[in-house]
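Asks: Can you read through this structure? Questions will come right after.
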Amino acid sequence: MSQRRRPSIQSLRRDQKKLDLTDAGGDNPTGNTNASILKQSKGFGLCAILLCSFALLFASVAIAFYPSTSPVSLSDHRSTRSLNQTTLAKTLPFALPSAPREIDIQVEKEDLLARLGESVLAFPDNPSLHHVIALTCVELTQTEKAETHFKLARRLNGSSPSIGVGYAKLLSQLGKPEEAIDLLTDLFNRGMITEELLDELGNTHLQRGEVENAYRILADAHLKYPKNNSILLHLAQCEVQKDMFVEARDHAQRLLELGQKEGAVYMTLSTALIRLGEREKALEVRKQQASAPPKKPSEDETYQQSFREFACHTYMMLGNCLIEQKEWEQGEQWLLYGLRLSPAYKPSLISLGEFLRKRGRIQDSIKVHSRLCEIEPENPVALNNLASLAATAKLLPLAESSLRKAAALDMSGVSSLRFAQYVMQRPDYLVAEGFARDAMQKSQSEESYTLLISILQSSGRLSEANALRELALQKYPSKNP
């Protein structure tokens, strides 16, 4: 069987052009090579020099168009680009993918593993890379590889809760719950506590039949993290085993109200209802569960989209790992490559926008944050971030319009406060006062009082400023607004 090829830079450019990622073709790299060889060939005759140059030029073109191994079809839009190849980031203009490309899921899985393998060969001592590979192998049901890379990641960073929780989940799947509990308990005792760790520790105790330990951990975790639906589900399952059927019913119903319509939720609710003597309601719950039979993965568009997001997330983690290694250009390329699979995947867009901002590429970061605002037009945090970047780039109309939208949507008052501070720089006291009062009404924060007092003083309304200062001193007696 022929090996899959790694294309040259020229073929990669053609691949990217085919995918509408760029309209720049780049320069032919053979010119510099030939020039250097000509300089070293002065001792030969003119004919020999010309023949040598012609041979090299022919060889370069042949390599670009006829690689030594089997060709890659562009119909599946693959790019098996090696991490060791020169990046195109310096020569191609920055462009965000606007539409997802066509994929073959099996090919994408193979490419994903190949690229991760290349990365870990380049940086074998990076625990984050081993963690990414382990998580990917778990998703692709390659458990032996997953366990190997989890062990390597743990050896390199034994205090990471996320690595520990991921490895503990795998150990439970492999029938090693005792090892999983020992690992999680060790992290817990060392203070490396997260909601994911508590959830997994409680669930592992539950699966071993250690109901009291499970309930103690999960009940405390639910109090600390009431919005974590996984903790709530495991708590409801634990309550069924403790004969706390009313609590189990209420928690399972709450999960359904939150849109958690997985089989475990229906089963927990129906079991609790049966034990409470409400058989008719239990049968109705079972009917609801059976009313929508699952499709085969190959026929399910949801599966396609889920895989796209999984692969995009993996490329995001790979890109972030390379950025940590100061491999800026390669990291950026993998972030963008993942977005070609799922252009609206918010975590990748956030990572890319933050990376570009830190690199001082404000205009490119604005493009990314504008996309985020298109995806979530009523998210005040996204609008505030866009406004901050626009102000840095002196794009004042964009900054002002974004802040105005954020202030109208943000019930915390923070956006109104920021807009008032922004307008004060002009200064426009009337507009600033309106937004400062809005911030004060929403938040009643000391900062909003201080800003409004400053605005009133600057506009010559000293009596109003003094009256507001007296009110602020009553509210914040230890401060001096």
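Asks: For ARG469, are the conditions met, namely being surrounded by fewer than 20 Cβ atoms within 10 Å (Cβ to Cβ), among the basic types (Lys, Arg), more than 30 Å from GLU376 (Cβ to Cβ) and at pLDDT 85 or above?
Replies: Yes: the conditions hold for ARG469.
Asks: Still on this structure: What is the one condition in (1) in a helix (DSSP H, G or I); (2) over 19 Å from the mean Cα position of the chain (by Cα); (3) hydrophobic (A, V, I, L, M, F, W, C) that ALA134 does not satisfy?
Replies: Condition not satisfied by ALA134: (2).
Asks: Quick one: how many residues across the stretch 301-349 are closer than 20 Å to CYS137 by Cβ and either in contact (Cβ under 8 Å) with a residue 12 or more places away in the chain or not in a helix (DSSP H, G or I) (or both)?
Replies: Matching residues across the stretch 301-349 total 20.
Asks: Is it the case that ALA406 is of a type in the set (A, V, I, L, M, F, W, C), within 30 Å of GLN363 (Cα to Cα), in contact with a helix residue (DSSP H, G or I) (Cβ under 8 Å, 6 or more places away or on another chain) and surrounded by 14 or more Cβ atoms within 10 Å (Cβ to Cβ)?
Replies: Yes; evaluated as a whole, the condition is true for this residue.
Asks: Can I ask one more? Name the single residue, out of those in the stretch 351-368 being aliphatic (A, V, I, L, M) and more than 16 Å from the chain's Cα centre (by Cα), that is surrounded by the most Cβ atoms within 10 Å (Cβ to Cβ).
Replies: Residue satisfying both the conditions and the ranking: ILE366.
Asks: Might you let me know whether the stretch 83-91 holds any residue that is over 21 Å from the mean Cα position of the chain (by Cα), modelled with pLDDT under 50, in a helix (DSSP H, G or I) and on the phi < 0 side of the Ramachandran plot?
Replies: no
Asks: Additional query: Restricting attention to the stretch 369-392, does a residue exist that is in contact (Cβ under 8 Å) with a residue 60 or more places away in the chain and either touching a Ser or Thr at 6+ places or on another chain (Cβ under 9 Å) or assigned to a helix (DSSP H, G or I) (or both)?
Replies: Checked against the condition, which is being in contact (Cβ under 8 Å) with a residue 60 or more places away in the chain and either touching a Ser or Thr at 6+ places or on another chain (Cβ under 9 Å) or assigned to a helix (DSSP H, G or I) (or both), the stretch 369-392 yields at least one hit.
Asks: Is there a residue in the stretch 164-178 that is more than 24 Å from MET317 (Cβ to Cβ), of a type outside the set (Gly, Ala, Ser) and assigned to a helix (DSSP H, G or I)?
Replies: Yes.
Asks: Moving to a separate point now. Taking the stretch 280-310 as the search range and keeping residues that are at pLDDT 75 or above and among the charged types (D, E, K, R), which one is surrounded by the most Cβ atoms within 10 Å (Cβ to Cβ)?
Replies: The selected residue is ARG308.
The values are calculated or read from the model by the stated rules, or taken from the named source; none is laboratory data. Everything numeric here is computed off the predicted structure, so don't read it as measured data. Methodologically, a virtual Cβ is constructed for each residue, glycine included, from the backbone with ideal geometry; neighbour enumeration extends over all protein chains shown.
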